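Any read-out appearing in this document is the output of simple, stated calculations on the displayed coordinates, not a laboratory observation. Everything quoted here is computed from the prediction, not taken from an experiment. FYI the Cβ positions are ideal-geometry reconstructions off the backbone, even for glycines, and counts take in every protein chain you see.
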Amino acid sequence: MPELPEVEVLRRSLEPRVSGQRIAAIRVWSSALREPVNGQTLRRRLVNRRVLGADRRAKYLLLHVEEGSTLVVHLGMSGRLTLVDGAEPHRAHEHVGIFLDSGEQLRFRDPRRFGLVFALPTGRLAMDRHFRHLGVEPLEPSFSGQVLAQRAGGRRRPVKNYLMDARSVVGVGNIYASEALFRARIHPRRSVGRISAASWQRLAGAVQRTLQRAIEEGGTTLRDFTDGNGREGYFQVSLQVYDRAGKACRRCRSVIRQIVQAGRSTYYCPGCQR
């Protein structure tokens, strides 16, 4: 599933190409996503309005347009939002086409149909049900070990599960939680109630460095992700523990282990992570 780095890569690839363009038309070929696409609302809020810029909140891509509306896109499990030549024919699994006055189109494709495409008044985003529960942004300058500790609030859950809870911290998915905990030398099963202030600070830095490195390398493409220009990411070649069970740790040569936490595979090094 695309996480924060992939959505940030998508935002950066699209913003210079769509900002300033006017949305000429919107076509919904299939409304069958996790929540049905409302073509009438999309057209009412977006058509004939110029794109002002692209933003991101957690794993949501936000395209702000004139007159106070925002297009919201969530990639779900297999979604892609790609800018293509307007003459390209409609292809299988493409749900929405956003026609720009340049002649190009933004095409949303999602074979597994867990994605979202909708539009809201920009001023209502923070209070919308998709956003109001979301936790802190890990790439904000204010993000720190103290923030992580405060939001843990005396709980006793495993730190890996805590990192993946969007109500606490947004965008740190399964891959990046495993990688950040490896960087911080913290065992994924350690209780958040047993982490020192120094370890929290080390973990906060590890989360930020992991996400920033992934963004620099174009995100992680294990199956479906591409940026807005159709390019795959290559952070997967830098993975230290994720999907490396049975292989030697590149740091200490211990054998990487795999466990299951909350139904998700976790990878860690028993030599480096305590």
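The value of relative contact order for the stretch 1-68, using C-alpha pairs under 8 Å at least six residues apart, is 37 percent. With a Förster radius of 30 Å applied to the C-beta separation of Arg157 and Gln258, the computed FRET efficiency comes to 0.90. Ordering Ser69, Val28, Ala92 by the projection of their Cα atoms onto the charge dipole of the stretch 1-98, which places +1 on the Cβ of Lys and Arg and -1 on the Cβ of Asp and Glu, puts Ser69 at the extreme positive end. Fully extending the segment from Gln212 to Ala24, taken as 0.36 nm per residue of separation minus the present Cα-Cα distance, adds 64.2 nm. Full extension of the chain between Asn48 and Arg129 gives 26.5 nm of extra length, using 0.36 nm per residue less the Cα-Cα distance. Placing dummy labels 7 Å off each Cα toward the beta-carbon, the span from Ser265 to Ala248 is 2.2 nm. If the chain linking Glu140 and Phe114 were pulled fully straight, counting 0.36 nm for each residue of separation and taking away their Cα-Cα distance, it would gain 6.6 nm.
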